[in-house]
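The values are calculated or read from the model by the stated rules, or taken from the named source; none is laboratory data. Quantities reported herein were computed from a predicted structural model and do not represent experimental measurements. Ideal geometry is used to build each Cβ from the backbone, glycine not excepted, and the neighbour counts take in all protein chains shown. These area figures cover heavy atoms from the full protein model, side chains too; ligands, DNA and RNA do not enter into them. Shrake-Rupley method; radii C 1.70, N 1.55, O 1.52, S 1.80 Å.
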Amino acid sequence: MARTIQSLERAAAMLRLLAGGERRLGLSDVAAALGLAKGTAHGILRTLQQEGFVEQDPTSGRYQLGAELLRLGNSYLDVHELRARALVWTDDLARSSGEAVYLGVLHQQGVLVVHHVFRPDDSRQVLEVGAMQPLHSTALGKVLSAYDPVAHAEATEAAREEFTPHTVTGLADFEGVLDLIRARGWASDVEETWEGVASVAAPIYDRRRMPVGAVGITGAVERVREDGELRSTLVAAVRDCARAVSRDLGAGRF
Amino acid sequence: MTDAHTAGPFIAAIDQGTTSSRCIVFDKDGRIVSVDQKEHEQIFPRPAWVEHDAAEIWTNVQEVVSNALIKARISREDIKAIGITNQRETTLLWDRHTGEPVHNAIVWQDTRTDALCRELGRNVGQDRFRRETGLPLASYFAGPKVRWLLDNVEGLRERAERGDILFGTMDSWVIWNLTGGVDGGVHVTDVTNASRTMLMNLHTMEWDDKILTSMEIPAAILPEIRSSAEVYGTAKGVLEGIPVAAALGDQQAALFGQTCFAEGEAKSTYGTGTFLLMNTADKIINSYSGLLTTVGYRIGDQKPVYALEGSIAVTGSLVQWMRDQMGLISTAAEIETLASSVEDNGGAYFVPAFSGLFAPYWRSDARGVIAGLTRYVTKAHIARAVLEATAWQTREIVDAMHKDSGVDLTALKVDGGMTSNNLLMQTISDFLDAPVVRPMVAETTCLGAAYAAGLAVGFWPDTDALRANWRRAAEWTPRMDADTRDREYKSWLKAVERTMGWIDHEE
């Protein structure tokens, strides 16, 4: 038999352990159950956590299975399937809002733009499919950080670069922003990533109610905002679009 | 759709398609207000025969129109005109006194007239009527289907000669019924649908007596040929009083909906198969490269606009084949994921000549090949080759159009389901060395019918107003260097060569 890698075997054993009867286990429980030194167990758990396969409860410090595991196997939604389902709705959002539309998913430490509809005027625009956006400052990124635990971990653990004076960088402030997003169901970015540019975005769910992506509009701050507030019609149009795509993916009415 | 800020008045378009009938209501900006759709039965009486029940289709059309109005929460007074677009070439004969079809409609895909077409070619072959009609003698077109019905339905020829029988493609059937049927329905067709019968002369825009004689079709059954955008009559029933004001075959409607109003403008619709049409203005261009010469549209009493048409038999269906027969992907969209996992085709080329090579080769002895295989090639390379096959075939048709017309393609406007495939669109742009542009409304076929109807009743003043409605949703620009493109094209052509002569004897 070919040689096997001991640390992978141990990682697999940990996942099996966490998938068993007791859902949340502390570091010493894991180490004891598998007969490992605490330091060794901690190293493996941290690696699994980084990959999204394991999550740590912030208050108790106990470990549980991570959301990334759910992405594996059947529940995995192909991003090109997502684009195909979103096509009609995002076209309509661009038409009704008069702004460019972006659809993004979590990829590594940022937002990968998987679909882009031009702003419906005759100006020259470049297709931005394949471009990356930051998680902590853009509307798409903040939606993902608020709803997807893996994105949340990426955004909270990485250094949050200050792109403009409006970028929220402090951890407590950032968590506060995410709480507000979860309460309202949508996120905004008013000159937090690019000067003069504002965006609004909302989450897309699949049939398992898993957050699989975010959709939003981006435009000049003068158009997107009115009397110092984001235009409510734009917010409504973005949320309608996100709901329509989610319905197409099989998520129930909500 | 998602918001109600659009206000009337509106135009309704009916799309009587191969698998379903749809009604879409559009507002003045060309935005979709509501959609309803219903599928009808595909009837296969024998292998390679395909029929539709025309009575079922008419029932479905009435239903989708009612439902579209209900979904839009508007009444018929808000609708200023109705436009029709339809599956082309599908052929129906019905009794003018009872309104009942004498036989199921024979669908364009049905090949029962293969032998008849060879017989009609006599010693000249399939180009016998090409000069007059722009078409080769092939089983798709309506004329031979009419002849088959007259020969095979008992007593039909006598009834037809007595003037009791009406012929029509699906546009004629829908318009006749919409405008009252046995109670004063108008029996008309438009120039685009008439150009697919093989019975109309492209130069005169009238039924060609010589061809009618050759095919033994009595003139009494034929509808009046009208323009694509004029008021044919007013509707009865659900749409009481609304002008029926446009008819266009589906591919021509897409050309119109994509606002390809200038010479050299072209659209390509990527579905199961692909249809590429290029506006050639007032020029009837005889194709020596295996393309079809057809009517693009005619607005009222303006001069007709002609088009060259090339089709690719296997595009979306190749992706479906990869999914259903090969099991390499689980959804059609995944082909892009698989293909994107590699940088190039790894030397593999896939020529999907599943039932021979079509334009510009027309070789029925060809069969599909995957060429250039080495141990290095993975399923991801094959997926890439699958997408490249659609792009190269587009290039071949564009080249043929250039050869026939001398007109350079400036940009290709695309629509249809496969436009959601970003890698495919980029590849097409790379291979054509021209921009590929997707408009914001995907439903260009229905939009074209709505546009033509709206023009006829003055809802829109002119084609410039329609152009102003056109919005670019995405544009892909070429990124491939010329050397790579040329080298790859050469390899593709070598692969194409290897498909030919696979079948020893043509039947």
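Of note:
- Rounded to 5, the percent of DSSP beta bridges in chain B classed as antiparallel: 70
- A Gaussian network model of chain A, with springs between Cα atoms under 10 Å, assigns the largest mean-square fluctuation among A:T193, A:T90, A:T40 to A:T40.
- Of A:A159, A:A183, A:A202, the residue with the greatest mean-square motion in the GNM of chain A, using alpha carbon springs below 10 Å, is A:A183.
- Peptide B:330-339 has a mean shielding of 4, counted as Cβ atoms of other protein chains within 10 Å of each residue's Cβ.
- Folded to 0 to 90 degrees: helix A:171-184 orientation relative to chain A principal axis, Cα: 60
- Average beta carbon contacts from partner chains per residue of A:81-93, 10 Å cutoff: 5
- Per residue, the convex hull around the alpha carbon atoms of chain B comes to 144 Å³.
- Listed residue (B:W476, B:F459, B:S491) projecting farthest to the positive dipole end of segment B:450-496, Cβ model: B:S491
- Taking A:V101, A:V190, A:V221 as the candidate residues, the one with maximal mean-square fluctuation in a Gaussian network model of chain A, Cα springs under 10 Å, is A:V221.
- Distance between the 7 Å Cα→Cβ label points at B:D483 and B:V231: 6.5 nm.
- Candidates A:L69, B:P45, B:T98 compared by Cα position along the dipole of the protein assembly as shown: farthest toward the positive end lies A:L69, with charges placed on Cβ.
- The lysines within cross-link reach of B:K80, meaning a Cα-to-Cα straight distance under 30 Å and a gap of 8 or more places when in the same chain, are B:K28, B:K38, B:K71, B:K236, B:K267, B:K303, B:K413.
- Solvent-accessible area buried by B and A, counting both chains, probe 1.4 angstrom, square angstrom: 2300
- The trypsin sites (Lys or Arg not before Pro) of segment B:38-100 meeting both criteria, a DSSP state outside H, G, I, E and B (loop) and at most 15 other C-beta atoms within 10 angstrom of the site's C-beta, are B:R73.
- Neighbourhood charge, 10 Å Cβ-Cβ cut-off, centred on B:K38 and excluding it, Lys, Arg +1 and Asp, Glu -1: -3
- Principal-axis tilt of helix A:232-248 within chain A, Cα atoms, nearest 10 degrees: 50
- Here segment B:175-248 carries DSSP beta bridges of which approximately 60% are antiparallel, counting only pairs with both residues inside.
- Shielded residues, segment B:29-55 - accessible-area loss of 10 Å² or more between chain alone and all protein chains, probe 1.4 Å: B:D29, B:R31
- For segment A:4-43 and segment B:344-410, distance of Cα centres in Å: 53
- The protein assembly as shown: calculated mean residue ellipticity at 222 nm from DSSP helix runs of at least 4, using -39500 (n - 2.57): -11000 deg cm²/dmol
- Of all beta bridges that DSSP places with both ends in the protein assembly as shown, some 80 percent have antiparallel geometry.
- Here's the picture: charge each Lys and Arg Cβ at +1 and each Asp and Glu Cβ at -1 in the protein assembly as shown, and of B:V65, A:P120, A:G196 the one pushed furthest to the positive end of that dipole is A:G196.
- 0 to 90° range, to nearest 10: angle between helix A:6-19 axis and chain A longest Cα axis: 70
- Here is the list for segment B:359-419: chymotrypsin sites (Phe, Trp or Tyr not before Pro) lying in DSSP coil, each with at most 15 other C-beta atoms within 10 angstrom of its C-beta, are B:W362, B:Y376.
- When you filter the trypsin sites (Lys or Arg not before Pro) in segment A:118-170 for DSSP loop state and at most 16 other Cβ atoms inside 10 Å of their Cβ, you are left with A:R124.
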